[in-house]
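Here's the structure, in structure tokens; my notes come after.
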Amino acid sequence: MKPAAFSYHRAHDVPDAIGLLSEFADAGEDPKLIAGGQSLVPMMNFRLARPTALIDLGTLRRDPGMRSIRRDGAELVIGGLATHREVELARCLGPEFEVVSQAMRWVGHLPIRSRGTVAGSIVHGDATAEWCLLALLLDAVIVAEGPGGRRQIPAGEMFHGYYATAVESDEVVTQVRFTRGASGAALTEFARRHGDFATVDAAVSLDADGNRVVLGGVAPAPIRVPEAEAVLAGGPAGPELFAECGAAAAEAIDPPEDAAGSAAYRRRLARTLITEALQQAWEKGGRR
Amino acid sequence: MTGPRVDGPRGRWVGASVPRREDPRLLTGRGRFVDDIRMHGMLHAGFVRATVAHGRLVGVDLSAVREIGGVVAAYTADDLDLGDIVALLDRPPEEFVPTAMPVLARDKVRFVGEPVAIVIGCDPYVVEDGVEAAVVDYEPLDAVVSEETAFAQQAPLVHEEAPGNVLLDVSMFDTPGVDEAFRAAAGDGCVIDLVSRSGRQNALPLETRGVIASWDDRDDQLLVQTCSQVPHQVRTLLARSLGMQERSVRVTVPDMGGGFGQKCVVGREEIAVAAAARRLDRPVKWIEDRREALTAAFLAREQRYRTRAAFDAEGRITAVDADIVCDMGAYSCYPFTAGIEPLMASAEMPGVYKVPAYRVRARAMTTNKAPTAPYRGVSRPQYVMAMERVMDRAARELGLDPVEIRRRNLITEFPYTGINNVTYDPGTYRETLDLAEGVLRDEGWCHLRDGATEQGRHIGIGYSCFSERTGYGSEAFAKRKMQVVPGFDISEIRMDTSGSVVVTSGTMNHGQSHETTLAQIVADRLGLDPGKVKLRQGDTERIAYGWGTFASRSATIGGSAVSVAADRLAEVVRTIGAYLLETRPDNVRLDGAGGVEQVDDPARRLSFEDIADVAYLRSHLLPKGSEPALSATASFDVAGDGTFSNATHAVVVEADPGTGRIRILRYACVEDCGVVINPKVVDGQCRGGIAQGIAGALFEEITYAENGEPSAASFIDYLVPTAAEIPDISVEHLETPSTLTENGAKGVGEGGTIGAPAAVLNAINDALRHTGVSLESTPVHPQSVLAALDSAAQEASNAS
Amino acid sequence: MNDRHLIELNVNGTEHEALVEPRKTLADVLRGDLGLTGTHLGCEHGVCGACTILLDGEPVRACLVFAVQAENSDIRTVESLSRDGELCDLQRSFSEHHGLQCGFCTPGFLMLAEGFLTQQPDADREQIREAVSANLCRCTGYQTIVDAIAATAAERAGTDTPSDPDKAATS
């Protein structure tokens, strides 16, 4: 389990990284960015990923903007190289983004969180990744810089399924902006073993400006479930409505089937997790 | 091991939680595992492995491999021309079909991951480049992956010489009265008929397998440094396969990162690496990577039992009739053969219960899966699970308490010769059950369980009672008709001029703390500080022959051999001491402080240093005719059927009605492994064993697709439980000293793993008692639990 | 593409030079090039944690970091824990609680605990258990590892010994 050979290049700043990406791609190589590497390196060790050139963003952590975690008015802004652990320990998130820090305990384990990055997780686009769910829940905008300049990708347009995202191979994600706070929000999940990728995970919010029901592990990409959100809009908050919402979500989805669970089981988990998450969100002060 | 002397209940040192001798080096990163060893000019090996489960080898083209810079050599089976690995039983052809495991696949591959070629290069990265470059052509054959496919008419044959894909088919017992008992039970009593299954597991030592082989001209010898539980068996088979004198092979074993049975058989990779080193005249190292370890190392456990049991109206078992199929995978392992699991199950299944009539048929099935080795417990987790489920099911049918039905059936008088013709030495079968039940009752768990349903909670209690034969001597193994019969152990002990002793053992520590526990034994026997005792293991040059560590044999048999050797050395020391003190030998005794003293005048004393000084450096002072060597050798073998440790496990679980997750609320183990040499070590063996049993009950499994593709090649898919899944476990000890071993110890290596699946499965089924569903396969997937709970809830709501 | 890089690594307070292929993991360089074999490899895909080390004080998997990435970082391995031949408090606690058997996973657990307790010195038993769930041990069943770390935390905090494990099972 040793990776295939590649060449290694340290980017000095974002333009440098973008330049290197283009340069190697033009030369017929398969370049790839590495930040925390917690998803990429295992795949390289199995030789399931075999980039021919690695462009290391590590040096860019010297740029405070790239690792900053800060509130900007109503938004939570996370730099492209901030780690899960830094978010977990950050004290500035405020009640509107408490769901983010609380979700961190579900992200892998401490050593993975210590090195893995928020942006890396979102770009990787795993259908159960907590950050991908949070992006949909909190209307994240992914800021990507490439040869054509900077663009802002709304979370709703980000995840194409099976690890495919809207970020192009010549782009660098420099920032993730969570534009919507939600004090009545919760994320919960089920995995047979703690710290694993979830079989199914659910993130919800109960807010005056709209309810959200987001699921992971039930489709090739994390999804919002409008049918379930509609249920929430249709009645007074409370256990009955939450159960009904869970049931509506279970009905609406068409989950995959694998060793972790059948489609029926995933539907059932979705129901349970949404109901639980809504209850938690409610208790935290979501819409009454 | 300095500090205050702790007096254990059985001696100065035996019985005390003496700190481990192994710890300082392991805690500072200064242990020496195989992969930590580097030799001058060392090369690295990797294996080209089969990508199809069953297929004819049409061509193996290694030309591209050899062109890669840094690759030194690449060999196929034809290049190396090695003897096959053949493990035999003394059984007639209708019972046992011998098969051969080639070191590298020759005409055919039989499982995904089977080694086809070996690649040697300058570093592991280059070697992996080389392995990738190999081109292997297969003519695929249909894969055999289940009982259904193996036993079907016209089934493809894994081994042409094994019709029906059966390697062993033995009906070991068919005692009188079985059919009568079932007829009677059908009228007045009950008949339980259940099919139970256990999934295919990996013993999963955290250190994967690995070996370094090098040729030494001066010693005229091949040095093989490997992580094996059985260094002498590696030597024997290596010498035979390579066509060498056995003295030309030396096998040494450094620190080992676990084994659990996976390393108690000889790996074909060990032989291929040795052959490559011999041919290249360079040291060659191979370290198995985790993908190989999960797919191509020896696996374990996959078995199916159909158990029928008859009970009378009072809940007394009157007969057991079992049909057992063990999926041994593609090959028979050396030295145990594919018969090990079915023979173990057949011989031992009645276990702790008084079973008056017994019929059993057990088969070893060969399939296109990675072959198996005897993993911690060896069939006992499975037959205990079958018997314990039978007990709970019968209790339910008859309206009895699960503990009560066990009480009525447990063996309570010893020695007891069972229907299986095995004589059980004294144990505490009943007492451990009573104590375990008391723990749950006193802590309020029974109350909680009974009241749970009303609160909408699903809480269950499960027990398992079992004994485990730990002292398998050669007589006991011979009953299995193995052609290679393990049993004895040899120990040699020497004292040096500083009064320290070095003791050797044929056992092989791989985490069990032998350096500490065997030293405790010797320290007591010689009356000296264990800090002055150094254990040497894992070197075939140090003793004539050894059987390594498996089957919980180290404390029982290995511990006995070192005891006898130490006693013999004590005798030598005493004799010389008496001569020097100018008194009769029977007037001299060990003084417990590293010397001898005169019985009638303890002030007259000689230290071991004094005696050794004379023996070695001034031997002219020795009595005429006596030898200057302060050394002794002893062998030990357990007579008869050997000794049995026993335990009861009691478990409380809760099933989550939203996810089906099983949470273990309480785990209590009450065990009796005879004399406890080191309580902390015994606790550790119990807890670690139970953790592995829980792993099998709830998490770990490798399944195979129809085409023979294994489901798990990484720790993402193979669910080794973590600290978040394994609960704290209480361990209580009873001590029934064995009269068959020198120290009264009974062995404790496997018990935890044996008892856990049964107890957990019983607890789960108890939690599901209202559902009408019974789960009889491990691992229990939460979705099965949830399906049971949901269907019951559905029925309840329909009814209301 | 296989061009080697001459890198400088600061390991346990000492500067080392190594000439390495970029694809070489930090774990392999520590073990092979620097001879620090206390860091073990158990899975090479970041799950088992046997290779856990401290990188700038944080516990990380050395199998998921390429050595070339680790320049300019402060690397600490298990070899740094004992001073002048004396075991540190955490190591002693592992021995006292029988928190190791075969010892293969032990360096990873020690470094995980060292990093974790520095960040969260007041962690309770459940938090320790959750942190410990990052690594795999096949021998102990974890209980004594949790005990050992909890005792170290208590000792460092100057409080009394941790909760009795048997009681913990019933609570």
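The values are calculated or read from the model by the stated rules, or taken from the named source; none is laboratory data. Since the model is a prediction, treat every value here as computed from it, not as a measurement. Here the Cβ is made from the backbone with ideal geometry for all residues, glycine too, and neighbour counts use every protein chain on show.
Is it the case that C:ALA154 is at pLDDT 95 or above and in a loop (DSSP other than H, G, I, E, B)? Don't jump to the end; show me each part of the working.
Details: at pLDDT 95 or above: yes; in a loop (DSSP other than H, G, I, E, B): no.
So C:ALA154 fails the test.
Six or more apart or on different chains, Cβ atoms under 8 Å: show the pairs whose first residue is in segment B:17-46 and within 8 Å of chain C (Cβ to nearest Cβ) and within 30 Å of B:GLY70 (Cβ to Cβ) and whose second is in a loop (DSSP other than H, G, I, E, B) and modelled with pLDDT under 95.
Listed by first residue and then by second, the contacts come to nothing, as the list is empty.
Conditions tested, residue by residue: (1) without any contact (Cβ under 8 Å) to a residue 24 or more places away in the chain; (2) in contact with a Ser or Thr (Cβ under 9 Å, 6 or more places away or on another chain).
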site	(1), (2)
A:ASP201	no, yes
A:ALA219	no, no
A:ALA230	yes, no
A:ALA260	no, yes
A:ALA263	yes, no
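Among the residues that make up segment B:137-146, is at least one of them touching a helix residue (DSSP H, G or I) at 6+ places or on another chain (Cβ under 9 Å), more than 21 Å from B:GLY267 (Cα to Cα) and among the hydroxyl-bearing types (Ser, Thr, Tyr)?
Scanning segment B:137-146 turns up no residue that is touching a helix residue (DSSP H, G or I) at 6+ places or on another chain (Cβ under 9 Å), more than 21 Å from B:GLY267 (Cα to Cα) and among the hydroxyl-bearing types (Ser, Thr, Tyr).
Of the conditions (1) surrounded by 24 or more Cβ atoms within 10 Å (Cβ to Cβ); (2) closer than 21 Å to B:PRO679 by Cβ, B:GLU732 fails just one. Which one is it?
Only one criterion in (1) surrounded by 24 or more Cβ atoms within 10 Å (Cβ to Cβ); (2) closer than 21 Å to B:PRO679 by Cβ is unmet by B:GLU732, namely (1).
How many residues, within segment A:258-276, are surrounded by fewer than 17 Cβ atoms within 10 Å (Cβ to Cβ) and either at pLDDT 95 or above or small (Gly, Ala, Ser) (or both)?
Total meeting the criteria: 4.
Any idea which of (1) under 19 Å from A:HIS124 (Cβ atoms); (2) crowded, with 19+ Cβ neighbours inside 10 Å; (3) in contact (Cβ under 8 Å) with a residue 12 or more places away in the chain; (4) within 8 Å of another protein chain (Cβ to nearest Cβ) is the one A:PRO42 doesn't satisfy?
(3)
For B:TYR667, work out the one condition from (1) surrounded by fewer than 24 Cβ atoms within 10 Å (Cβ to Cβ); (2) within 11 Å of another protein chain (Cβ to nearest Cβ); (3) of a type in the set (Ser, Thr, Tyr) it doesn't fulfil.
(1)
For segment A:45-54, what are the residues that are crowded, with 24+ Cβ neighbours inside 10 Å and either more than 10 Å from every other protein chain (Cβ to nearest Cβ) or hydrophobic (A, V, I, L, M, F, W, C) (or both)?
If the condition is that a residue be crowded, with 24+ Cβ neighbours inside 10 Å and either more than 10 Å from every other protein chain (Cβ to nearest Cβ) or hydrophobic (A, V, I, L, M, F, W, C) (or both), then A:LEU54 is the only one that fits.
Quick one: which strands (runs of 3 or more DSSP E) lie wholly within segment B:290-400 and hold at least 2 residues that are assigned by TED's automatic domain parsing to the domain that holds B:ASN765 and touching a residue at least 12 places away in the same chain (Cβ under 8 Å)? Before you say what the answer is, go through the steps one by one.
Working: elements: B:303-312, B:317-329, B:358-366.
Answer list for segment B:290-400: none.
Condition check: within 30 Å of B:ARG183 (Cα to Cα) and among the small types (Gly, Ala, Ser). Does B:ALA310 satisfy that? I'd like the intermediate steps shown before the answer.
Values: within 30 Å of B:ARG183 (Cα to Cα): yes; among the small types (Gly, Ala, Ser): yes.
Yes; evaluated as a whole, the condition is true for this residue.
Within segment B:126-165, work out how many residues are within 23 Å of B:ARG279 (Cα to Cα) and in contact with a His (Cβ under 9 Å, 6 or more places away or on another chain).
Number of matching residues: 2.
Conditions first: (1) in contact with a helix residue (DSSP H, G or I) (Cβ under 9 Å, 6 or more places away or on another chain); (2) touching a residue at least 24 places away in the same chain (Cβ under 8 Å); (3) surrounded by fewer than 23 Cβ atoms within 10 Å (Cβ to Cβ). A:PHE24 passes all but one, so which condition is the exception?
Failing condition for A:PHE24: (1).
Within segment B:211-251, which residues are in contact with a helix residue (DSSP H, G or I) (Cβ under 7 Å, 6 or more places away or on another chain) and either β-branched (Val, Ile, Thr) or on the phi > 0 side of the Ramachandran plot (or both)?
Correct list: B:VAL211, B:ILE212, B:ASP220, B:VAL224, B:THR226, B:VAL234, B:THR236, B:VAL249, B:VAL251.
Using the structure shown, decide if B:THR432 is within 26 Å of C:GLN101 (Cβ to Cβ) and assigned to a helix (DSSP H, G or I).
yes
Going residue by residue through segment C:116-133, is there one that turns out to be on the phi < 0 side of the Ramachandran plot, in contact with a Leu (Cβ under 8 Å, 6 or more places away or on another chain), touching a residue at least 60 places away in the same chain (Cβ under 8 Å) and not polar (S, T, N, Q)?
No - not one qualifying residue is present in segment C:116-133.
When you look at B:GLU776, is it over 30 Å from B:VAL675 (Cα atoms), more than 12 Å from chain A (Cβ to nearest Cβ) and either in contact with a helix residue (DSSP H, G or I) (Cβ under 7 Å, 6 or more places away or on another chain) or among the small types (Gly, Ala, Ser) (or both), yes or no? Spell out how you get there, then give the answer.
Details: over 30 Å from B:VAL675 (Cα atoms): yes; more than 12 Å from chain A (Cβ to nearest Cβ): yes; either in contact with a helix residue (DSSP H, G or I) (Cβ under 7 Å, 6 or more places away or on another chain) or among the small types (Gly, Ala, Ser) (or both): yes.
So B:GLU776 passes the test.
All but one of (1) surrounded by fewer than 24 Cβ atoms within 10 Å (Cβ to Cβ); (2) touching a residue at least 12 places away in the same chain (Cβ under 8 Å) hold for B:GLN245; state the number of the condition that does not hold.
It is condition (2) that B:GLN245 fails.
Do the conditions hold for C:GLN101, that is, is it within 20 Å of C:LEU34 (Cβ to Cβ) and touching a residue at least 24 places away in the same chain (Cβ under 8 Å)? So that I can check it myself, show each step before the final result.
Working: within 20 Å of C:LEU34 (Cβ to Cβ): no; touching a residue at least 24 places away in the same chain (Cβ under 8 Å): yes.
Judged against the criteria, C:GLN101 is not a match.
Closer than 27 Å to B:LEU343 by Cβ and without any contact (Cβ under 8 Å) to a residue 24 or more places away in the chain: is that true of B:PHE414 in this structure? I'd like the intermediate steps shown before the answer.
Working: closer than 27 Å to B:LEU343 by Cβ: yes; without any contact (Cβ under 8 Å) to a residue 24 or more places away in the chain: yes.
In short, yes.
Here's a check for you: in segment A:99-129, which residue that is charged (D, E, K, R) and part of a helix (DSSP H, G or I) is nearest to the other protein chains (Cβ to nearest Cβ)?
It comes out as A:ARG115.
Looking only at segment C:140-152, which residues are within 8 Å of another protein chain (Cβ to nearest Cβ) and among the polar types (S, T, N, Q)?
C:THR140, C:GLN143, C:THR144
Could you tell me whether segment B:7-18 includes any residue that is among the charged types (D, E, K, R), modelled with pLDDT under 95 and under 28 Å from the mean Cα position of the chain (by Cα)?
Scanning segment B:7-18 turns up at least one residue that is among the charged types (D, E, K, R), modelled with pLDDT under 95 and under 28 Å from the mean Cα position of the chain (by Cα).
From the set of residues in segment B:510-540 that are farther than 25 Å from B:ALA593 by Cβ and over 19 Å from the mean Cα position of the chain (by Cα), which is surrounded by the fewest Cβ atoms within 10 Å (Cβ to Cβ)?
Among those that are farther than 25 Å from B:ALA593 by Cβ and over 19 Å from the mean Cα position of the chain (by Cα), it is B:ASP539.
The rows are residues; the columns are (1) surrounded by fewer than 24 Cβ atoms within 10 Å (Cβ to Cβ); (2) out of contact with any helix residue (DSSP H, G or I) (no Cβ under 8 Å at 6 or more places or on another chain).
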{"residue": "B:ILE543", "(1), (2)": "yes, yes"}
{"residue": "B:THR549", "(1), (2)": "no, no"}
{"residue": "B:ALA555", "(1), (2)": "no, no"}
{"residue": "B:ALA561", "(1), (2)": "no, yes"}
{"residue": "B:ASP567", "(1), (2)": "yes, no"}
{"residue": "B:GLU571", "(1), (2)": "yes, yes"}
{"residue": "B:ALA578", "(1), (2)": "yes, no"}
{"residue": "B:GLY592", "(1), (2)": "yes, yes"}
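Mind checking which residues of segment B:687-717 are over 30 Å from B:THR648 (Cβ atoms) and within 14 Å of chain C (Cβ to nearest Cβ)?
Step one: list which residues in segment B:687-717 are over 30 Å from B:THR648 (Cβ atoms), which gives B:702-717.
Listed by number, the residues that qualify are B:ALA712, B:ALA713, B:SER714, B:PHE715, B:ILE716, B:ASP717.
Determine whether A:LEU57 is in contact with a His (Cβ under 6 Å, 6 or more places away or on another chain) and within 23 Å of A:ARG150 (Cα to Cα).
no
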